[in-house]
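The values are calculated or read from the model by the stated rules, or taken from the named source; none is laboratory data. Treat the numbers as computed from the prediction; the structure is a model and nothing was measured. As a convention, Cβ positions derive from the backbone with ideal geometry for all residues, glycine included, and neighbour counts pool all protein chains shown. We work out accessible area using only protein heavy atoms, side chains counted, and drop any ligands, DNA or RNA first. Shrake-Rupley method; radii C 1.70, N 1.55, O 1.52, S 1.80 Å.
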Amino acid sequence: MIRRKPKKLIKKLKELNDQQHSEPSLELSLYEQVVNELEGCSDREDIHFPELQVNLIYFNHLVDKDRFQSEILDPFYHVTKEELSSLLKRSFYKPVADLKEVISGILDGETAIFDKERVFLANVAGGEKRNIQPSETETAITGPHEGFIESGETNLSMIRRRVRTSRLKVDKVPVGEITKTSAYVLYIKGIANDELVSDLTHRIEKIEIDAVYDTHMLAQLIEDQPQSLFPQFITRERPDSIAAGLVEGKIIIILEGSPAIIVAPSSFFDFFETGDDYYQRWLTGTATRLLRFGAFIITIAFTALYVSVTSFHYEMIPESLLTTLAISRSKVPFDPIYEAFLMEITIEFLREAGARLPTKVGQTIGIVGGIVIGQAAVQAGITSNVLIIVVAISAIASFVVPSYVMSASIRLARFGLILLAGLFGNLGIVIGLTVLVIHLSSLTSVGTPYMSPLSPFFPSDWKDFLLRAPYKMMKTRPTMARSSNKSKQRND
């Protein structure tokens, strides 16, 4: 359980912590202070060279063992006491004098070298990490198949290889009072809006919480309206998408330990775009994008429309279908609203079970469970076969939305529309959709309009909105991410 601490208590703890690390003891050497600070850490490694009067402190599982052996152990085993000073003058050994800096370096995977009163840090950080693989949540049909991993430095390297400019700036900000997780804020100087960069960095610095474990958790802590049902930051797991965002003027946030990367500012329509849209022919990309918006409308309103029509508006049903629907519903003892809620919740049960179980078992549960339960429910007279079709189409359409977080928000909003449709019919659907549009229009992402370029209306951005225009027409950056800086730097 993560606890938020009162601001006064956090401030006092910071002062005591800084005082503890910044005021060196008059009786203890820096080596003894480090040993005391890391007391009780059974995974700590200490190596002593009595002839050289040198001590090493490091965490074995945080260092690259081959580099540690070749760049630290071997030189110290073969160096004489007279040659030690020359060895430590190499740039590889960084002199430090602050206890807090020494502890931070050791926890980051560096090795602390204590030579009498002098202290050096040698960066041999490594350890086990996942290999670069395709993203499982943001699959690629065409284009690069690399996906981010949990290593912040590896993710930075993949971005640097794609955006080779000195104007790509990186600000490192620690997050979490206890975990001190590294967050990297990336932007291209002269393209990104400096005010947005400062605002985002300030928000991260102001976070007062014990720990931040994942990017999606960080996004909720820095959103403009965290109480909203809809996410205000989109996350990506493909380096090519992140590189494209940087060139457009977006700001990127990488969190150590998470493969998902935040893109800011984000609009509602960004959640319906994928990298594949830009690798296919523009007509194909446009058609696919329009299909996703159609799936959004079906997901959020199709079941609600069924409830409304069968409860209040039979005159909307064609005569050829009315008889079939009446026969189908004649054996159902529930009102359409209860019938719809029952089947939608059942679909959510199957979806969650399929996601949590092992892959092969989860697929079996989803397919067999859906068929068996649906067929049994119809035969038992609990639901109509028409509703089974409606709910199935709505469920399939929800998977067309590329972002899982947005898809989950849309599915949850669907229940509100079903309730309003069951109470007020088509009027309830209109009321629900109106409230939804007003809410979305009121949201902002780092102070920029969430519904841009539809509201406010930016005609120049429509070339990459509902449509994916040919590249010859896409010569301007998105308006809401465009730099307002007075001084423009030339391209490299």
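If amide H atoms are built 1.01 Å from N in the plane of the peptide, which residues on other chains or at least 5 residues away come under 5 Å of the amide H of residue 168?
Under 5 Å from the amide H of residue 168: 189.
Compute the FRET efficiency between residue 195 and residue 426 as 1/(1 + (r/R0)^6), taking r as their Cβ-Cβ distance and R0 = 56 Å, and round to the nearest 0.05.
In this case the efficiency is close to 0.80.
Taking 22 Å as the cut-off for C-alpha to C-alpha distance, list the pairs among 129/189; 94/206; 65/129; 189/250 that go past it.
129/189; 94/206
Can you work out ³J(HN,Hα) from phi for every residue in the stretch 111-117, in order, using Karplus 6.51 cos²θ - 1.76 cosθ + 1.60 and θ = phi - 60°, giving whole Hz and x for Gly and Pro?
Residue by residue, the stretch 111-117 yields 9, 8, 10, 10, 10, 6, 8 Hz.
Can you give the FRET efficiency for residue 210 and residue 107, using 1/(1 + (r/R0)^6), R0 = 22 Å, r = Cβ-Cβ distance, to the nearest 0.05?
The calculated FRET efficiency here is 0.85.
Using the heavy atoms of the protein chains alone and a 1.4 angstrom probe, what is the accessible area of the stretch 190-345 per residue in square angstrom?
41 Å²
Once you have a ≥ b ≥ c as the square roots of the Cα gyration tensor eigenvalues for the stretch 330-460, tell me rounded if a/c is under 1.5, and otherwise prolate or oblate according to whether a/b is larger than b/c.
oblate
Please list, in chain and number order, the residues 5+ apart from residue 150 or on another chain whose amide H is under 5 Å from its amide H, with Hs placed from the backbone.
Result for residue 150 returns 130.
Output ³J(HN,Hα) for the stretch 423-432: one whole-Hz value per residue in order, computed from phi by the Karplus curve 6.51 cos²θ - 1.76 cosθ + 1.60 with θ = phi - 60°, and x for Gly and Pro.
8, 10, x, 4, 4, x, 5, 4, 4, x
Provide the gained length on full extension for the span residue 172 to residue 323, in nm with one decimal, where the gain is 0.36 nm per separating residue minus the Cα-Cα distance.
Using 0.36 nm per residue and subtracting the Cα-Cα distance, I get 47.8 nm.
Tell me the relative contact order for the chain as a rounded percent, counting alpha carbon contacts under 8 Å between residues six or more apart.
That works out to 15 percent.
Which residues in the stretch 95-126 place their backbone N less than 18 Å from a point set 7 Å from the Cα of residue 179 along the Cα-to-Cβ direction?
Inside the label zone: 107-109.
Is the chain rounded, prolate or oblate when judged by the Cα gyration tensor, a ≥ b ≥ c being the square roots of its eigenvalues, rounded requiring a/c under 1.5 and prolate requiring a/b larger than b/c?
Prolate, because a/c is 1.5 or more and a/b exceeds b/c.
Between residue 42 and residue 142, what FRET efficiency comes out of the Förster formula 1/(1 + (r/R0)^6) with R0 = 56 Å and r the beta carbon distance, rounded to 0.05?
Here the calculated transfer efficiency is 0.65.
Rounding to the nearest 10 and keeping the result within 0 to 90°, find how far the Cα-based axis of helix 194-205 lies from the longest principal axis of the chain.
So the helix axis and the longest Cα principal axis differ by about 80 degrees.
Please say if the stretch 225-308 is rounded, prolate or oblate, where rounded means a/c under 1.5 for a ≥ b ≥ c the square roots of the C-alpha gyration tensor eigenvalues, and otherwise the choice is prolate for a/b larger than b/c and oblate otherwise?
Because a/c hits 1.5 or more and a/b fails to exceed b/c, the stretch 225-308 counts as oblate.
Given the C-alpha centroids of the stretch 40-114 and the stretch 372-449, what is the distance between them in whole angstrom?
59 Å
Quickly work out the residue 404-to-residue 89 label distance, labels modelled 7 Å from Cα along the C-beta direction, and quote it in nm with one decimal.
The two pseudo-label positions are separated by 5.6 nm.
What full-extension length gain, to one decimal in nm, is calculated for residue 371 and residue 157 as 0.36 nm per residue of separation minus the Cα-Cα distance?
72.4 nm
If the viscosity is 1.567 mPa s and the temperature 4 °C, what translational diffusion coefficient in µm²/s does Stokes-Einstein give for the stretch 283-388 when Rh comes from Kirkwood over Cα pairs?
Stokes-Einstein gives a translational diffusion coefficient of 82 µm²/s.
Taking H placed 1.01 Å from N in the peptide plane, check which residues at least 5 places from residue 54 or on another chain put their amide H under 5 Å from its amide H.
49
How big is the gap, in Å, between the Cα center of the stretch 277-351 and the Cα center of the stretch 156-170?
Measuring centre to centre over Cα atoms gives 45 Å.
Could you give me the ³J(HN,Hα) list for the stretch 369-378, computed from phi with Karplus coefficients 6.51, -1.76, 1.60 and θ = phi - 60°, whole Hz, x at Gly and Pro?
x, x, 5, 5, 5, x, 5, 5, 5, 5
Rounded to the nearest percent, how much of the accessible area of the stretch 117-229 (1.4 Å probe, protein heavy atoms only) is carbon and sulfur?
Result for the stretch 117-229: 48 percent of the exposed heavy-atom area is carbon or sulfur.
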